[in-house]
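Each remark here refers to the structure printed beneath this line.
The values are calculated or read from the model by the stated rules, or taken from the named source; none is laboratory data. Keep in mind it's a predicted model, so treat the numbers as computed, not measured. All Cβ positions, glycine included, derive from the backbone under ideal geometry; neighbour counts span all protein chains shown. Heavy atoms of the whole protein, side chains included, go into the accessibility calculation; ligands, DNA and RNA do not. Shrake-Rupley method; radii C 1.70, N 1.55, O 1.52, S 1.80 Å.
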Amino acid sequence: MTTEAPSMLPRLRRTALLVAATALLLTPAPAVLAKTPETPETRSPGAEPPGGETPEPVPSPRPEQLKRFWSYHQFDGTGWIFVQQGPGDRNPRDGSVEGWRFSASENVMSAEPPSGETYPFETICAGVEPRPGMKRVGLVVDFGAAEDAFPGDAPPKPTKVVKCAVTGENATGMDLLASVVRPRIDREDYIVEINGYPAKEKDKGSAVQPQNLAPVVDAGGSSLTWILGGVGIVALLGVGAYAVARRGGGGSESKDHA
């Protein structure tokens with residue numbers, strides 16, 4: 001018995017060390033037990049952010065808070081592009097298409113372009129032959145949707161004017177607009193209304209008179225010929241004629257109206 005005891009001690013020590021090592025391996029490390037902070041990527045769907053506070057959604061502006069105005073656009077062959085330059089400073093090229101739209105939005109840059117069908121130049125000016133020293137430009141004027149109108153007002157009918165304007169090479173975007181509709185501008189040269197719309201702005205500002213005019217043909221093929229002479233503009237309607245003395249006007253750009 002006394003001779004076997006010393007030989008068993010190392011064996012017991014080895015067994016105790018093995019048990020202790022096994023226990024350490026089976027015990028999770030503190031870093032593993034720690035809770036991983038929640039991030040937008042790790043947070044469960046629908047879970048509230050830290051602190052229990054749910055961010056409130058940004059409310060959309062009420063209709064009465066929106067700005068209502070005429071905005072200026074150009075068709076690039078595939079869609080409408082908002083034009084930041086004033087129409088009185090632009091000289092649209094032959095074969096281009098200009099667009100105007102009355103709409104309600106938070107700011108000018110988010111203004112709606114003419115709605116519905118995108119009218120290419122070939123459609124608007126079909127059958128209108130080029131002339132030396134003149135240019136042909138398609139024009140689309142959209143009076144907008146009913147929900148964009150001022151309270152109590154409504155867009156005129158038809159709600160859209162589509163015509164081909166043939167003007168002198170130096171005619172501006174404002175000349176083109178004034179050759180097919182009746183725009184009015186305020187003292188700052190901003191458009192306040194077109195053809196009496198919106199009614200809130202009717203008869204405000206001053207009328208814009210087009211220059212360097214020639215026949216204006218709509219998309220359906222009917223035409224209205226304007227002839228510019230001195231300070232007068234003579235409109236020939238069938239076999240009847242009348243003269244209206246008017247003063248030449250300048251250009252403008254669209255303006256916000258609350």
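Which distance in nm do the two modelled labels at D203 and R93 give, with both placed 7 Å along the Cα-to-Cβ direction?
Rounded to a tenth, the inter-label distance reads 4.4 nm.
Roughly how many nanometres apart are two label points built 7 Å out from the Cα toward the Cβ at R182 and E122?
3.7
Three principal axis extents, largest first, for the C-alpha atoms of the range 171-210, in Å?
So the three principal-axis extents are 29, 20, 11 Å.
My understanding is that a pair violates if its Cα-Cα distance is over 26 Å; which of K157/K202; K163/K202; K157/K200; K135/K157; K67/K160 do that in this structure?
K135/K157
Quick check: at a probe of 1.4 Å, how many percent of the accessible area of the range 69-183 sits on carbon and sulfur atoms?
About 47 percent, which is the carbon plus sulfur part of the accessible surface.
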